[in-house]
Amino acid sequence: MKEVTFIRQNISKWRGAEIVVETIGDTDATELADTYLDVTSDLAFAQTHYPESKITRYLNNLASALHNEIYRSRRQRWSRLLTFWTEEVPQTMWEARRELLLSFVVFAASVFVGFLSQLLDPEFCRIILGDGYVDMTLQNIANGEPMAVYNGDAEDEMFGSITMNNVRVSFVVFVMGIFTSIGTGVILFMNGVMLGSFQTFFAQHDLLWQSALAVWLHGTLEISAIIVAGAAGIAMGNGWLFPGTYPRLVSFRRGARRGLRIVVGTVPVFIVAGFIESFFTRHTEWPDLLRLSIILCSLAFVIYYYIILPKKRNHESRETID
């Protein structure tokens, strides 16, 4: 790459880094670390290709200023715990919006595969869900309680086990990104096929509406968080597959940091989803309108927090830089 092209592609980012140095007191630790990582990566590139250039000296000075601020003893503010979810996660979701879209497309396609497979072969669900679960559900349907699987244990026991399992699944989806984004895609595909065959199975027994109300009561948050965790894994995997102008290891570390921030941000969502599944989903006697309202409120939250708010935070950030 020619030096002038390198400068033209990155000059706006370096100016932003200068602003970070100048307003260091108003910059959170994560943004400071990300800026430092970007600048040092560009410095490494410049030292390799333009060792005697003025731009290399400029980047070295900029990286030194950032380094001094990072390792200077700074008192952490309690507000960081709040701003992590209100500012950092939404901003990261904006940066990972393409990964989020890809995660959604993979999951939606796999749901369709599960639907089509179950439609063509009514025994397909036994491969995905297991004979024990299918036989138990058929018995529940025969007993007139098709959703009895959700009230088999005490609420508090279910809450703990379900929440821990959901968080575990999200981290597995993320960590599979180590094996490139294909690894994450495989886990998303498996979960999507399971959901598609599960819902089709109930539809084949004329229980689609009843099962949908039960599943999506908690599943709106749970499944959305899994898709978001998928975006985290894809972000990490793509950092390895598509390093761009960065060294591959540096690009991978940047993707991993971004993905980890995203997946940690899903933990409260899984907690709420686990609470709903443990304490609400079992009440199939509740009015349909009430359960549908909870589903729509959950969907509104997902759309706002993962789509609208990130766009808003990005707009505010650009106005600040301008």
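The values are calculated or read from the model by the stated rules, or taken from the named source; none is laboratory data. Worth saying up front: this structure is predicted, and the values here are computed from it rather than measured. All Cβ positions, even for glycine, are placed from backbone atoms using ideal geometry, and neighbour counts span all protein chains on display. Keep in mind that these areas ignore ligands, DNA and RNA; they rest on the heavy atoms of the full protein, side chains included. Shrake-Rupley method; radii C 1.70, N 1.55, O 1.52, S 1.80 Å.
Overview of values
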| item | result |
| --- | --- |
| Size-normalised alpha-carbon gyration radius of the range 136-287, reference 2.2 N^0.38 Å | 1.22 |
| Convex hull volume per residue in cubic angstrom - Cα atoms of the chain | 146 |
| Ranking by accessible area, most exposed first, for LYS311, LYS13, LYS54 with a 1.4 Å probe | LYS54, LYS311, LYS13 |
| Stretch gain in nm, segment TRP209-ARG15, where the contour uses 0.36 nm per residue and the Cα spacing is subtracted | 64.4 nm |
| MRE, 222 nm, helices only [DSSP H, n ≥ 4, -39500 (n - 2.57), over the chain, to nearest 500] | -26000 deg cm²/dmol |
| Accessible area (Å², 1.4 Å probe, nearest 10) - PHE275 | 90 |
| Dimensions (Å) - the range 217-321, Cα atoms, principal axes, largest first | 58, 30, 17 |
| Cα→Cβ-extended label distance, 7 Å offset, between TYR304 and THR48, nm | 4.6 |
| In Å², nearest 10: area of CYS297 left accessible to a 1.4 Å probe | 90 |
| Zone residues, the range 154-181, relative to MET190, backbone N less than 19 Å from point 7 Å out along Cα-to-Cβ | 162-181 |
| THR83-ILE182 FRET efficiency (beta carbon distance; Förster radius 45 Å; 0.05 resolution) | 0.85 |
| Kirkwood Rh (inverse of mean 1/r, distinct Cα pairs), the range 82-159, angstrom | 16.3 |
| Length released on extending from TRP286 to VAL267, taking residue separation times 0.36 nm less the Cα-Cα span | 4.1 nm |
| Theoretical FRET efficiency, 1/(1+(r/R0)^6), r = Cβ-Cβ of GLN139 and ARG97, R0 51 Å, to 0.05 | 0.70 |
| Helix 97-120 vs. the chain, principal-axis angle (Cα, 0 to 90°, nearest 10) | 20 |
| The range 121-142 and the range 263-293: distance between their alpha carbon centers, rounded to Å | 24 |
| Net lengthening on full extension, GLU155/LEU129 (0.36 nm per residue, minus Cα-Cα) | 7.0 nm |
| Within the range 167-194, backbone nitrogen closer than 13 Å to the virtual label 7 Å beyond the Cα of PHE242 toward Cβ | 181-182 |
